[in-house]
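What follows is a short report on a single structure.
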Amino acid sequence: MAEALCEAVDPHPGQRVLDVACGSGTAALIAERRYCDVTGLDYVPGLIERAKTRARANGQEIDFQVGDAQDMPFPDDSFDAVLSVYGVQFAPDQERAARELLRVCKPGGKIGLAGPIPDGWSGDWFAAHAQYVPPPPDVPSPLRWGTDDGLEELLGASTRSIESDRRTALQYYRSIDHAVDVFNTYFGPTIQALKMLDTDSQERFRTDLGHVFDRYNRATDGTAIVENQYLQTVATPV
């Protein structure tokens, strides 16, 4: 997803690029290979440390910082391109996060997003979570970013254009059980849901997550190759 998004946004050598809610830095690493001046921002210190480790291992110079996508520590019009792959969509205050994306991106620059959509694997995945741990009523779903109406509400008033394409990414695992274990271990919303459930509910939750993976599994040899459709968006601020 990060490779495809960088290709769509097409930052050029020497341009300033920001990876928002960068996690372990995948999109930032890809943008730096284009000889861009790259910054990565995430509010989880452990993920920033992981991103720094990856960059050092590759011999890449990237400015990774701990910070909030809803209150970014950068001046207005700082970046030629702003990227986020399954990142900013999870900010609780979506309007504030959208304003920050627009604020730090130069007029005529590009905002590139890759995120979940309300149907397919993503929709079923979040529906399974909501069945066990309903989201707070005042926090909008991250799936809002995966709709044309949601993007227009969040970005439309301050952009010249918003172009979105539905794309497919494949997730590879040793088995369905392995897929569930990966998310139980590394995916924040799943980890938090498990912490809030008793032992019996945790087991039912894991079983239901397995059913979601199985529903979109293309493999027939006991492994798991899970089809995930997502929305790739490129917006141009005015």
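A few remarks follow.
- Surface composition of the stretch 52-188: carbon and sulfur atoms hold 47% of the protein heavy-atom accessible area at a 1.4 Å probe.
- Normalised by the number of residues in the chain, the mean separation of alpha-carbon contacts (under 8 Å, six or more apart) gives a relative contact order of 21 percent.
- The stretch 62-116 shape via C-alpha gyration tensor axes, a/c threshold 1.5: rounded
- Shape of the stretch 83-141, Cα gyration tensor, a/c cut at 1.5: oblate
- Tensor-based shape of the stretch 155-238 (alpha-carbon gyration tensor, a/c under 1.5 rounded, otherwise prolate or oblate): oblate
- Each listed q (0.11, 0.12, 0.14 Å⁻¹) maps to a log10 I(q)/I(0) for the chain from the Debye sum over equal C-alpha point scatterers, namely -0.58, -0.69, -0.93.
- Given their separation in residues at 0.36 nm each and the Cα-Cα distance between them, D119 and R103 gain 2.7 nm when the chain is fully extended.
- Segment V66-R167, extension gain: residue separation times 0.36 nm, minus the distance between their alpha carbons: 33.4 nm
- A straight chain from D221 to D200 at 0.36 nm per residue would run longer than the Cα-Cα distance by 4.6 nm.
- Simple Cβ-charge dipole of the chain, Lys/Arg +1 and Asp/Glu -1, about Cα centre, in debye nearest 20: 460 debye
- Over all projection directions, the Cα-based convex hull of the stretch 21-131 averages an area of 7.8 nm².
- Heavy-atom accessible area per residue - the chain, 1.4 Å, Å²: 49 Å²
- Computed magnitude of the charge dipole of the stretch 148-192 (debye, nearest 20; Cβ of K, R +1, Cβ of D, E -1): 240 debye
The values are calculated or read from the model by the stated rules, or taken from the named source; none is laboratory data. Just so it is clear, the model here is predicted, and its values are computed rather than measured. Using ideal geometry, Cβ is built from the backbone for each residue, glycine included, and neighbour counts are taken over all protein chains shown. All accessible areas refer to the heavy atoms of the entire protein, side chains included, with ligands and DNA or RNA removed. Shrake-Rupley method; radii C 1.70, N 1.55, O 1.52, S 1.80 Å.
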